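Right, one structure below, let's go through it.
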Amino acid sequence: KYTSFKTETESLRMDSMNSMERRLVAIENKEDRSYTSTSGEGGASKEAVDGLKTQVRQLDRMVGLHDVRLAEVDLRMDCNDITSYDGHIIWKITGIEQRKRDAVSRKTLSLYSPPFYTSKYGYKMCGRVYLNGDGIGKGTHVSLFFVLMKGEYDNVLEFPFRQKVSFMILDQSSE
């Protein structure tokens, strides 16, 4: 009887140990799967975050480009109704403080005046201003240039351009 009992006890103990071992292996496997899926999700999450960061940087660049284009369109619309055919132009630059800040931040480096002409069928030209300077004047001066543009009647005009050009800059601020 004792031997039989001992054998039964050992058998139960073995069964119990086997059962515990299986349960332990199952728990370990479950933890491994959980860790793998979590770290896999972490990797996927990191990739998703990196992808979103890249998209945000691209969108920031696009917004910056759109701001520049919008400023150019705004200036062109301001200037659309001002076309002169006598070789003179009065170019009023509105919002000069903001435009200067845009020039310093390199958002909009230069502004163009509306085109004007020496006569009805004359040379087409415009002014170009760098509010934060250009070349050696960058950061210290305002640079203003005369731009001779391609015009509709260039084929009947004399080149090179030999007319006198003069500029007058007026500060209309209240300071």
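The values are calculated or read from the model by the stated rules, or taken from the named source; none is laboratory data. Since this is a predicted model, take the numbers as computed values, not measurements. Virtual Cβ from ideal backbone geometry, glycine too; neighbours counted across all protein chains shown.
Assorted remarks:
- Flag if Ser174 is at pLDDT below 90, outside the structural domain of Lys92 (by TED's automatic domain parsing) and part of a loop (DSSP other than H, G, I, E, B): yes
- Among (1) among the polar types (S, T, N, Q); (2) closer than 22 Å to Val68 by Cβ; (3) touching a Phe, Trp or Tyr at 6+ places or on another chain (Cβ under 9 Å); (4) surrounded by fewer than 16 Cβ atoms within 10 Å (Cβ to Cβ) - the single one Thr94 does not satisfy: (3)
- Qualifying residue in region 75-91 (condition: modelled with pLDDT under 90, within 23 Å of the chain's Cα centre (by Cα) and surrounded by 13 or more Cβ atoms within 10 Å (Cβ to Cβ)): yes
- For Met168: the one exception among (1) loosely packed, with under 11 Cβ neighbours inside 10 Å; (2) in a loop (DSSP other than H, G, I, E, B); (3) in the same structural domain as Arg99 (by TED's automatic domain parsing): (3)
- The single condition among (1) in contact with an Asp or Glu (Cβ under 7 Å, 6 or more places away or on another chain); (2) over 25 Å from Ser173 (Cα atoms) that Thr108 does not satisfy is (2).
- When residues in region 117-165 are screened for being out of contact with any strand residue (DSSP E or B) (no Cβ under 6 Å at 6 or more places or on another chain), outside the structural domain of Lys107 (by TED's automatic domain parsing) and closer than 14 Å to His88 by Cβ, 2 of them pass.
- Some residue of region 143-157 being in contact with a helix residue (DSSP H, G or I) (Cβ under 9 Å, 6 or more places away or on another chain), surrounded by 14 or more Cβ atoms within 10 Å (Cβ to Cβ) and modelled with pLDDT of 90 or more: yes
- Condition met for Arg99 (at pLDDT 85 or above, surrounded by 11 or more Cβ atoms within 10 Å (Cβ to Cβ) and not in a loop (DSSP other than H, G, I, E, B)): yes
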